[in-house]
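The structure under discussion appears below in the form of structure tokens.
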Amino acid sequence: MARTAAADTKLNEQATASDSRRPVGNFIYILACLVICNLPFVGFYIIGTDSRMNYIALYTVLGILAARRINPWLVATLWSALVLDLLSTGARVFSFTLLELAGALKFLPMLAPSEGIAFYLPFLAIILSGVLLTFAAYRYRPLNPDRLAVPFTMITFTLAGGEYFSLQSIHYDLGKTLGPSEEFQSASLDTGFEQRAITLPDNGKVLMVMVESYGEYKDVAIRDIVSAPLFSETISSRFNIQTGSTTFLGHTTDAEMRELCGTWEKYSDLEDVERPSFGTCMPHRLLEAGVETVAIHNFRGRMFDRRDWYPKIGITRASFYENMYKLGMAECRGVFLGPCDPDVLDKVVAPELTSDGKRFVYFLTLTGHLPFVATEADTPFACGAKGAAISDYQACQQANYIHHFLDRLAETVARADEDLTTILIVGDHEPPFMKRDAKQLFNPKIVPWFYLTRKGPDVAQGAPETPSETGAGR
């Protein structure tokens, strides 16, 4: 009997200890299910993102189910939810579809290690969260899961409220993305750029420059300051200048398809070589007219498979980072490490404009890509100063950069001889700033274009003298 009493006493002590530890275990379990699983996404709320309420609710449901019975299938579901949450959130931030982002992950190793680490951190955070969640689910699973319904509900509503406040008070609501059912627009179509290129005189040149992350500013004063170099006396004395805007969809490769192929279809669809829309891209038609087609981009040709699909749309010669690094050009800091845009203008673009033969030269810039690395440029906007026209520092720095790039471009154009007859400058997409102060600077889903045609005798009969009705004049 003594042994039985001692044994009962020991069991009672263990039960008491278990009961005393139970609130701690419950707290850790709730913390894991509702807080740790959402921590990897704090960074997205800082830069801005759409609502994740569906995933917050999903983690609540999975936490309640795991409290009742944990099994490998439930753990696998939790890990899958974390990965899908990360991919879908990242896709919305960078204007990708989920499938496009998944396909783009193979390009991560091309990013500069020092600047690109931010792209890897969310994946590391997801792995750490998954490990902690799995450990908590097995180690701290509550003995009485029914008691967790109230705290789970309260914390879920707290997180949802915090998210709502963040999206409403700090960040821009991304809203619905433009669908392919929208009426098609492009700067090359609005301006009649292709017609002038097809009817080039001997040794004539046309230049298309697609400027990375150049959106249309709402404030006309800011818009005019940024683009002022294109309206200098040096340019206006040589060229007629027209301006307008066009709709954009998606990201940079979508903009390339928009301007080069006149479609909102994806470059990845080029694998279907039977599609007639790709066989009739503008570079193809220029080749048929005897115009050589050259593409220049100061990042790696493997990025988004440009070295593979450029030839499919009719580009006969392409120059990428792999061809440029031997020229001794300075590399600009950023996630996408490559020669600085102004140097590429001087050492790669300019020679193409002075060589013999009829030629279409296409230059896709790089340096303005976000996340933008601040430069020493403090003009024309005094970034960080009290009362600055652009209050967000990074957006201000990026505006300064585009202004200085357009200044160098104007110098390049002014130095070119009369063989350069036509220049089209167009933004690829609105810069994907997510903070309200930066996002509200731009007209949604609109990019500007500038169309310069050489003054003097007509070099292309039949080309329109003014933009089409879809392009707004300056």
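No value in this document is a laboratory result; all are computed from the given coordinates. For clarity, every value in this text was computed on a predicted model and none was experimentally measured. Heads up, the Cβs are rebuilt from the backbone with ideal geometry, glycines too, and the neighbour counts pull from every protein chain shown.
With point charges of +1 on the Cβ of Lys and Arg and -1 on the Cβ of Asp and Glu, referenced to the Cα centre of the range 191-328, which listed residue (316, 281, 193) lies farthest in the positive direction of the dipole?
Positive-most Cα among the choices belongs to 316.
Would you mind computing the Rg to Rh ratio of the range 318-371 from its alpha-carbon coordinates, Kirkwood style for Rh? Write out the running numbers ahead of the final one.
On the way: Rg = 11.9 Å, Rh = 12.0 Å.
Using Cα coordinates only, the ratio equals 0.99.
Compactness ratio of the range 191-289: Cα Rg over 2.2 N^0.38 Å, N = residue count?
1.30
Of the beta bridges DSSP finds with both residues in the range 187-454, what % are antiparallel, to the nearest 5?
45
If packing is taken as the mean number of other Cβ atoms within 10 Å per residue, what is the order of 133-139, 185-191, highest first?
185-191, 133-139
Hey, what's the Kirkwood Rh for the range 236-369 if you take every pair of different alpha carbons, in angstrom?
16.0
Between residue 437 and residue 322, what is the label-point separation in nm under the 7 Å Cα-to-beta-carbon projection?
Calculated label separation equals 4.3 nm.
Averaging over all projection directions, find the projected area of the Cα convex hull of the range 279-357 and quote it in nm² with one decimal place.
The number I arrive at for the range 279-357 is 5.7 nm².
Based on the Cα gyration tensor of the range 187-454, what are the three equivalent ellipsoid semi-axes, each the root of five times an eigenvalue, rounded to whole Å and given largest first? List each step's numbers first, then the result.
Numbers: eigenvalues 159, 86, 68 Å².
Each semi-axis is the square root of five times an eigenvalue, giving 28, 21, 18 Å.
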